[in-house]
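First the structure, in the form of structure tokens, and then the observations on it.
The values are calculated or read from the model by the stated rules, or taken from the named source; none is laboratory data. What you are looking at is a predicted structure, and each value in this text was computed from that prediction instead of being measured. Positions of Cβ are backbone-derived with ideal geometry, glycine not excepted, and every protein chain shown enters the neighbour counts. When the accessible area is computed, the model is the full protein with side chains, heavy atoms only, and any ligands, DNA or RNA have been set aside. Shrake-Rupley method; radii C 1.70, N 1.55, O 1.52, S 1.80 Å.
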Amino acid sequence: MRLRYPDTIRIVRVPCTGKVDVLHILRAFEKGADGVYVVGCLEGDCRFENGNLRARKRVEQAKAILNKVGIGGDRVKMFNLSSGEGPKFAEYAVEMTQKIEALGPNPIKKAKEKLAA
Amino acid sequence: MIVAEKKPIEEIIDMVKDHEKLLVVGCNECVTVCEAGGKKEVGVLASALRMYFMNQGKKVDIDEITLERQCDHEYLEELRARIDQYDAVISLACGVGVQFMAETYFNTPVYPGVNTCFMGVTEERGVWSERCQGCGQCILGRTAGICPISRCAKRLLNGPCGGSAKGKCEISKDLDCAWQLIIDRLQELDRLDDYEEIAPIKDWSTERAGGPRTVVREDVRQ
């Protein structure tokens, strides 16, 4: 298909979105990621039954924490698609990138630079 | 197990905001099982605090460790060599662990990271409910293994009261009437005659009403 999607995205592969933990998401922000999105299989279609449902809950947990610590819960989102939906994958990548661009960089980055100076 | 709930992050932030070097200490026992204060929750809280303080432009060092237990000297002693490096400790153990930490390290401020709720069971993941109030004089043998002290809102020894309707307690339609449960189980065990026996007045001095309690076992004491 040779679809294009923004090259600002770094893909971290996991065997199932059920493997994604709140801590993985938080650490990404701690290290300066501007946004994190989790792309799982369609709900009801998890090979491991409820991996994507678990991921959704964890994304919600991360969202709540990020809101409380001033990073902004909008920077994290869960998407669902089937493995045959390549165009949708690219579409979601564009959607998330536009959203993060509108939100601006992770405030942690600026704060880190200030502290280092 | 002892069931606890995570404290809101903002409450923890408010407690520790004036410190610059913090140690977040988890506990591998009950609070790990009820997902409030184990290794994972330590990681999440430490990460959240780091982000918060960093975002505020404040340099706060936050380290993490999870002990096997915080209610035993031998595990708390593992912190002895490094405790002086920290301005304060956030303990994610139950109230017992927090206090024992404070007793053991008298000069280090210790803050609780969880709200300790009760002694209870995991009904299903994410749902915990109370089963024991530690009254010091167990009557489960007479009540078909169902505790009216912890599960009856009035702690009745000879129930049910008039507020029991269709097996539910009057304080909540979601709460089973403990005495209905007792009767049902006695019936199942073919022991309904036991129900006819009037329970004597309970000695509440072994409960919290008698003041803080201590158990001393001379047979095992060293």
Quiz prompt | Hey, A:Tyr37 away from chain B (no Cβ under 14 Å) and at pLDDT below 95 or not | solution = no
Practice problem: Select from the stretch A:1-31 the residues that are among the hydroxyl-bearing types (Ser, Thr, Tyr) and either touching a Cys at 6+ places or on another chain (Cβ under 7 Å) or assigned to a loop (DSSP other than H, G, I, E, B) (or both) and write down the one among them that is surrounded by the most Cβ atoms within 10 Å (Cβ to Cβ). | Solution: A:Tyr5
Quiz item: Would a scan of the stretch B:133-147 turn up a residue that is part of a loop (DSSP other than H, G, I, E, B), touching a helix residue (DSSP H, G or I) at 6+ places or on another chain (Cβ under 8 Å) and farther than 23 Å from B:Ile2 by Cβ?
Solution: yes
Quiz item: Which of (1) in the same structural domain as B:Asp63 (by TED's automatic domain parsing); (2) among the aromatic types (Phe, Trp, Tyr); (3) in contact with a strand residue (DSSP E or B) (Cβ under 7 Å, 6 or more places away or on another chain) is the odd one out, the single condition B:Trp128 does not satisfy?
Solution: (1)
Quiz item: Which helices (runs of 4 or more DSSP H) does the stretch B:34-109 wholly contain that include 1 or more residues that are within 14 Å of chain A (Cβ to nearest Cβ) and open to solvent by less than 20 Å² (accessible area, probe 1.4 Å)?
Solution: B:39-55
Self-check item: Pairs with Cβ under 7 Å, 6+ apart, first in the stretch A:98-117 and away from chain B (no Cβ under 11 Å), second among the basic types (Lys, Arg)
Solution: A:Ile100/A:Arg75; A:Leu103/A:Arg75
Quiz item: Failed condition for B:Ala165, given (1) in contact with a helix residue (DSSP H, G or I) (Cβ under 9 Å, 6 or more places away or on another chain); (2) at negative phi; (3) modelled with pLDDT of 95 or more, with all others met?
Solution: (1)
Quiz prompt | Scope the stretch A:51-86; condition more than 14 Å from chain B (Cβ to nearest Cβ) and of a type in the set (D, E, K, R); matching residues | solution = A:Arg56, A:Asp74, A:Lys77, A:Glu85
Self-check item: Test: A:Ala102 is at pLDDT 95 or above, surrounded by 14 or more Cβ atoms within 10 Å (Cβ to Cβ) and within 22 Å of A:Asp7 (Cβ to Cβ)
Solution: no
Quiz prompt | B:Gly120 outside any loop (DSSP other than H, G, I, E, B), in contact (Cβ under 8 Å) with a residue 60 or more places away in the chain, within 30 Å of B:Ile12 (Cα to Cα) and open to solvent by less than 60 Å² (accessible area, probe 1.4 Å) | solution = yes
